[in-house]
Amino acid sequence: MTYTKSNSYVDGSSHSSNISSPRIKSAYVKENIKASRNTQNVKSVVLNALAFTENEDVQIYTYVVNDFNNYSKNANLNITINLNLLSPANSTADTVDFFSLMDSYLQKKSTRYDIYFYDLIYTTEFEHYFLNLKEWIPQDHIDMFPYAEKSESFFYNNKLVGLPVYLDYTVLYYNDKLLKKYNKSVPKTWDDMIEIAKYILDEERKQNNTDLMGYNGGFIDAEIGTGGLYEFMYTFRDSVDDSFPDLISQNAVNALKTMKRIKNEISSDSIFKSIDYSIEKLMDGNGIFLKFGYFSW
């Protein structure tokens with residue numbers, strides 16, 4: 001069974017990670033960097049970083065930190081970053097626990113960590129603790145991230161409080177074999193997808209294939225589900241260059257009506273809330289349109 005990635009509905013991101021430094025460490029970091037360069041007494045600076053990952057095998061933080069440390073060594077910067085990477089493998093922490101841990105350190109004005117890697121959904125919660133990076137980082141470096149100063153995920157209350165470390169995103173997988181079987185094209189709109197999935201579901205049921213999934217949704221009761229909800233609503237803006245629709249706008253209403261129509265006509269409540277079953281359908285070929293993170297196969 002062949003699945004192909006479609007960019008028809010790739011619009012925005014589900015997850016992203018920011019890097020920020022707390023305001024409480026600014027004097028400490030600044031003075032120690034000066035000392036390391038201008039005196040014989042302090043020969044190096046050690047910065048401590050905190051991050052969380054669900055899976056240590058597919059995370060970027062270790063690579064980023066090691067890459068900087070190698071650069072620092074080769075450039076004789078005498079700056080080293082020590083990374084404390086939390087995961088379910090070495091702690092009881094999950095995403096919510098990590099948020100609480102960060103919140104605890106920052107509220108107590110702890111000097112334990114200089115750098116935090118965090119999910120951008122928490123920017124508004126933490127921004128008042130963080131430095132304005134525009135005062136610390138050259139503009140030509142900031143310009144490497146063209147959306148950093150245009151998005152409230154990074155630029156908030158007139159401060160650049162973080163920079164993106166990585167971006168992951170979802171794509172729509174379509175069942176190439178079934179679309180070819182019924183001479184259907186890749187859909188370009190949600191309405192197209194609904195009509196194509198309904199037709200194929202009906203035709204396959206006539207052949208006793210009752211184990212076919214039309215669309216999975218992925219709106220589970222977790223952070224990824226909330227991200228999926230916002231991602232879906234984002235596709236209902238009037239123009240590709242428009243910002244996120246207001247939650248009380250007609251665009252948002254139309255998005256929720258379409259989501260309900262998808263659930264009722266080609267999916268179900270249980271399918272919308274299931275990840276494991278959706279993965280099973282992706283693997284066994286019994287799905288028509290399935291939304292997942294990008295996999296490089």
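The values are calculated or read from the model by the stated rules, or taken from the named source; none is laboratory data. These numbers were taken from a predicted model, which means no experiment stands behind them. A quick note on method: Cβ atoms are made from the backbone with ideal geometry, for glycine too, and the neighbour counts reach across all protein chains shown.
If the condition is being exposed (fewer than 14 other Cβ atoms within 10 Å of the Cβ) and under 15 Å from GLY287 (Cβ atoms), then the stretch 206-232 contributes ASN209, THR210, ASP211.
Yes or no: the stretch 72-81 includes at least one residue that is assigned by TED's automatic domain parsing to the domain that holds VAL45, loosely packed, with under 15 Cβ neighbours inside 10 Å, within 24 Å of the chain's Cα centre (by Cα) and over 30 Å from ASP221 (Cα atoms). No, the stretch 72-81 contains no residue that is assigned by TED's automatic domain parsing to the domain that holds VAL45, loosely packed, with under 15 Cβ neighbours inside 10 Å, within 24 Å of the chain's Cα centre (by Cα) and over 30 Å from ASP221 (Cα atoms).
To keep it simple, each residue is scored yes or no on (1) without any contact (Cβ under 8 Å) to a residue 60 or more places away in the chain; (2) within 30 Å of PHE68 (Cβ to Cβ).
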| position | (1), (2) |
| --- | --- |
| LEU133 | no, yes |
| ILE137 | yes, yes |
| PRO146 | yes, yes |
| LEU160 | yes, yes |
| THR170 | no, yes |
| ILE196 | no, no |
| GLU204 | yes, no |
| GLY217 | no, no |
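Could you say whether any residue in the stretch 241-251 is modelled with pLDDT under 90, among the polar types (S, T, N, Q) and buried (at least 18 other Cβ atoms within 10 Å of the Cβ)? No; the residues of the stretch 241-251 include none that is modelled with pLDDT under 90, among the polar types (S, T, N, Q) and buried (at least 18 other Cβ atoms within 10 Å of the Cβ).
Among the residues of the stretch 98-112, those that are farther than 21 Å from VAL64 by Cα and exposed (fewer than 14 other Cβ atoms within 10 Å of the Cβ) comprise SER100, SER104, GLN107, LYS108, LYS109, SER110, THR111. Of the residues making up the stretch 187-202, just one is closer than 16 Å to LYS257 by Cβ and among the hydroxyl-bearing types (Ser, Thr, Tyr), namely THR189.
Report yes if LEU77 is more than 19 Å from LYS159 (Cα to Cα), touching a Ser or Thr at 6+ places or on another chain (Cβ under 7 Å) and not in a helix (DSSP H, G or I), otherwise no. In short, no.
When residues in the stretch 113-152 are screened for being loosely packed, with under 12 Cβ neighbours inside 10 Å and in contact with a Phe, Trp or Tyr (Cβ under 6 Å, 6 or more places away or on another chain), 0 of them pass.
State whether the residues of the stretch 121-134 include one that is part of a helix (DSSP H, G or I), under 18 Å from the mean Cα position of the chain (by Cα), polar (S, T, N, Q) and not assigned by TED's automatic domain parsing to the domain that holds GLY287. Looking for residues that are part of a helix (DSSP H, G or I), under 18 Å from the mean Cα position of the chain (by Cα), polar (S, T, N, Q) and not assigned by TED's automatic domain parsing to the domain that holds GLY287, one finds at least one in the stretch 121-134, hence yes.
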